[in-house]
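Taking it in order: structure first as structure tokens, then the write-up.
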Amino acid sequence: MRQSKQLLMAAMALFIVLGLSGCNKQERPDFSGYKRIADLATIDCTFHNVAEIYNDGTDIIFGINVGYKKAWFEYDGSVKLGVDVSQVRIEGPDASNVVTIFVPEAQVLGIPQIDETSFSDVYADTGLLTKIETMDQSLALQAAQSEMVSAVEDNPEILDRATKRAETLLGQYVTTAGSAIGQEYEVRFSGSE
């Protein structure tokens, strides 16, 4: 009986020691969902654009200007702005409970999307024997789309807004993940390397 009592006491002591040793261990936060959060930070900018077709009419046959064409049409679309999710990294927490989030500069993601139902009629002025071809319209649309991307890329305010949005959402994600395990983290941001 005495031996079983000692065995029971030893087992209880072992459980208490193992239980208390688990209290000293800090649980590691789970930041595995950060890519989805960075993807959620994407901003969808809508725009109204005008595509233009122009040929000054240097095609002259028998003294008649047959190459002149000028036309335009309007349409609506959208451009996605955000950070490259593959370049986002989260490091830490370090000994001071600081979590560093590496966030690249925002950029245009993908190609602009066109609302095909928004195309206006083609307004045209042409020379004799000249008409606006489907190829002209296609080339004008490509040029307009390219100009749209360039206009967004040359606008640091809107790109900065997209970067700040990603930082805000990622910072909230880290803070919430820390709170879930009873930790309070300081979040610092750094550009990607």
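In table form, for the structure just shown:
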read-out: Index of the failed condition, V108 passing every other in (1) in a helix (DSSP H, G or I); (2) β-branched (V, I, T); (3) touching a helix residue (DSSP H, G or I) at 6+ places or on another chain (Cβ under 6 Å); value: (1)
read-out: Selection within the range 36-49 - exposed (fewer than 13 other Cβ atoms within 10 Å of the Cβ) and in contact (Cβ under 8 Å) with a residue 12 or more places away in the chain; value: D44, T46, H48
read-out: Residues (over 10 Å from L170 (Cβ atoms), surrounded by fewer than 22 Cβ atoms within 10 Å (Cβ to Cβ) and in contact with a strand residue (DSSP E or B) (Cβ under 8 Å, 6 or more places away or on another chain)) located in the range 77-93; value: G77, S78, K80, D84, Q87, R89, E91, G92, P93
read-out: Residues satisfying the stated conditions in the range 156-188, i.e. charged (D, E, K, R), surrounded by 12 or more Cβ atoms within 10 Å (Cβ to Cβ) and assigned to a helix (DSSP H, G or I); value: D160, R161, K164, R165, E167
read-out: Qualifying positions in the range 52-87 - assigned to a loop (DSSP other than H, G, I, E, B), at pLDDT below 95 and of a type outside the set (D, E); value: G57, T58, F62, G63, V66, G67, Y68
read-out: Selection count where residues are open to solvent by 40 Å² or more (accessible area, probe 1.4 Å) and part of a helix (DSSP H, G or I), scope the range 145-155; value: 5
read-out: The range 125-145: number of residues that are among the polar types (S, T, N, Q) and over 14 Å from Y54 (Cβ atoms); value: 4
read-out: Subset of the range 107-137 [without any contact (Cβ under 8 Å) to a residue 12 or more places away in the chain and more than 30 Å from V83 (Cα to Cα)]; value: E133, T134, M135
read-out: Matching option when the condition is under 22 Å from L40 (Cβ atoms), hydroxyl-bearing (S, T, Y) and free of Cβ contacts under 8 Å to residues at least 60 places away in the same chain, among S150, S78; value: S78
read-out: Residue match in the range 129-144 (condition: open to solvent by 40 Å² or more (accessible area, probe 1.4 Å) and either assigned to a strand (DSSP E or B) or closer than 30 Å to R188 by Cβ (or both)); value: no
read-out: The lone exception for G191 - which of (1) farther than 30 Å from N49 by Cβ; (2) surrounded by fewer than 15 Cβ atoms within 10 Å (Cβ to Cβ); (3) without any contact (Cβ under 8 Å) to a residue 40 or more places away in the chain it fails; value: (3)
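The values are calculated or read from the model by the stated rules, or taken from the named source; none is laboratory data. Remember, it's a predicted structure, so these values are computed and weren't measured experimentally. Please note: Cβ atoms are built from the backbone with ideal geometry, for glycine as well, and neighbour counts cover all protein chains shown. The accessibility values were calculated without ligands, DNA or RNA, using every heavy atom of the protein model including side chains. Shrake-Rupley method; radii C 1.70, N 1.55, O 1.52, S 1.80 Å.
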